[in-house]
Each structure stands twice: as structure tokens, then as C-alpha cells.
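Reading through the C-alpha cells given below for one structure.
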């Protein structure tokens, strides 16, 4: 199966952002640690696209997180210039990492789409599965984040962790992941309701 044209365009656009991120990042070691999962996701997206056609919506949601995470890799998440948003919600904390975690939840859409297209489960079960996958990944990532921060130690460990002194940071991050997933699945449900045969090609 040929790779969809929109995936090629998204990847070319991301390549520009990748180059921007790679030039003089705030912390080279944090950049490397943060960019690895993005590269793995990009490779996984290309591989899946050779097996299952994905919608334009799925590709858009996939690349939103990749873009946000790549920006976070350049500055470290606590240092991303995001003052306008923090002021908008009346917070002194840099909430860029919360927005990025919300974007992770958007991956529930392509996960559910793949399950539906492959006819592996009914639509409602595919959506439930996608939600549980995101929640599991969210919890797993927080464990990896803690492990790396402890291993790296010092300022690099703190920068990677990005908790900014919030003792409930991990729990709030997982909540944002879950809310993102619920929003993405609500979008999928709305699309399927208006076009029941959307994923039957």
C-alpha cells in the first residue's frame, strides 16, 4: 500500500520544525531524551500507514503532539515561551507541558480508527480500548520520566521532569492525557454519527 500524500506533507513540515528544535537547544541531553519518543512515533506512523489507511484527521492529531513535544525538547517544557497562555488562564506556572500532555491524548483517535478499520472490535469497544491505551501510556510515561530524572540527576533531571515544584504534577499530567483522549474520541463519535460508513473503506 502506498503512503498517503498527506503523511508526506506532514512529515516535510515537521522536518522544518525538527531542524529548528535541533539548533542550539537549551539542554542537549534533555533534547535527545525528549526527541527519541517523537522519532519512534514518526517511524511507527509511517509503518502503520503502509498497513492501514488513516484519515486526514488522524494525521493532523498525530502531528499536533509531535510538534508540541519537539518545541518542548528545544526549550525544555518549563522554559517554553508560553506566557500569553499562562496569563490567559491566570497561572504563574508554565502550562505548556499540560497542553502537550493533552495532545498525547489525541492519539486515542488514530488508535480507535485502526481498530475499527481492521474490524478488530465493534466501534464502542475500539473507543474504550483506545482510551485505556492512552491512560496506560500516560502512567507508563510518568514512571519512565521519574526513572530518567533520577538517573540524570541535577538540573537536567529536574528540567526533564518539568514538575516545576508541583507535587501532583504526575497526576495532573495523566488527567490531561485522559481529557485529550476523551475529546478526540468525542470527535470520532461525532464524525461516525454523521457518516456511519466513514471507516469502512
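The values are calculated or read from the model by the stated rules, or taken from the named source; none is laboratory data. Note that the coordinates shown come from a computational prediction; the quantities given were computed from them, not determined experimentally. Cβ atoms come from the backbone with ideal geometry, glycine included; neighbour counts cover every protein chain shown.
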Given the conditions (1) in contact with a helix residue (DSSP H, G or I) (Cβ under 6 Å, 6 or more places away or on another chain); (2) modelled with pLDDT of 90 or more; (3) closer than 20 Å to residue 27 by Cβ, every one holds for residue 75 apart from (1)
If we keep only residues of segment 1-45 that are over 27 Å from residue 144 (Cα atoms) and in a loop (DSSP other than H, G, I, E, B), then the residue modelled with the highest pLDDT is 4
Of (1) free of Cβ contacts under 8 Å to residues at least 60 places away in the same chain; (2) touching a helix residue (DSSP H, G or I) at 6+ places or on another chain (Cβ under 8 Å); (3) assigned to a helix (DSSP H, G or I), residue 48 fails just (1)
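Taking residue 71 as the residue in question, decide whether it is crowded, with 21+ Cβ neighbours inside 10 Å, assigned to a helix (DSSP H, G or I) and at negative phi.
On the way: crowded, with 21+ Cβ neighbours inside 10 Å: no; assigned to a helix (DSSP H, G or I): yes; at negative phi: yes.
Considered against the rule, which asks whether it is crowded, with 21+ Cβ neighbours inside 10 Å, assigned to a helix (DSSP H, G or I) and at negative phi, residue 71 comes out as no.
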Restrict the check to segment 107-119 and report whether at least one residue is surrounded by fewer than 19 Cβ atoms within 10 Å (Cβ to Cβ) and in a loop (DSSP other than H, G, I, E, B). yes
Yes/no for residue 38 being buried (at least 19 other Cβ atoms within 10 Å of the Cβ) and without any contact (Cβ under 8 Å) to a residue 40 or more places away in the chain: yes
In segment 120-135, how many residues are modelled with pLDDT under 95, out of contact with any helix residue (DSSP H, G or I) (no Cβ under 8 Å at 6 or more places or on another chain) and assigned to a helix (DSSP H, G or I)? 1
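So which of 159, 181 ends up being surrounded by 20 or more Cβ atoms within 10 Å (Cβ to Cβ), modelled with pLDDT under 90 and assigned to a helix (DSSP H, G or I)?
Values: 181 fails: modelled with pLDDT under 90.
On inspection, the qualifying residue turns out to be 159.
Pull up segment 80-98, narrow it to residues that are part of a helix (DSSP H, G or I) and free of Cβ contacts under 8 Å to residues at least 60 places away in the same chain, then point me to the one that is nearest to residue 56 (Cα to Cα). Spell out how you get there, then give the answer.
As a first pass, look at segment 80-98 and keep what is part of a helix (DSSP H, G or I): 83-88, 96-98.
Checking which are free of Cβ contacts under 8 Å to residues at least 60 places away in the same chain leaves us with 83-88, 96.
Numbers: 83: 31, 84: 30, 85: 28, 86: 30, 87: 33, 88: 30, 96: 25 Å.
Selected residue: 96.
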Residues of segment 177-201 being without any contact (Cβ under 8 Å) to a residue 40 or more places away in the chain and under 27 Å from residue 137 (Cα atoms), which ones? 186, 190
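Scan segment 56-63 and give yes if some residue there is farther than 19 Å from residue 184 by Cα and either crowded, with 18+ Cβ neighbours inside 10 Å or touching a helix residue (DSSP H, G or I) at 6+ places or on another chain (Cβ under 8 Å) (or both), otherwise no.
Filtering segment 56-63 for residues farther than 19 Å from residue 184 by Cα gives none.
For segment 56-63, residues farther than 19 Å from residue 184 by Cα and either crowded, with 18+ Cβ neighbours inside 10 Å or touching a helix residue (DSSP H, G or I) at 6+ places or on another chain (Cβ under 8 Å) (or both): absent.
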Test: residue in segment 109-128 that is touching a residue at least 12 places away in the same chain (Cβ under 8 Å) and either within 23 Å of residue 17 (Cα to Cα) or in contact with a strand residue (DSSP E or B) (Cβ under 9 Å, 6 or more places away or on another chain) (or both): yes
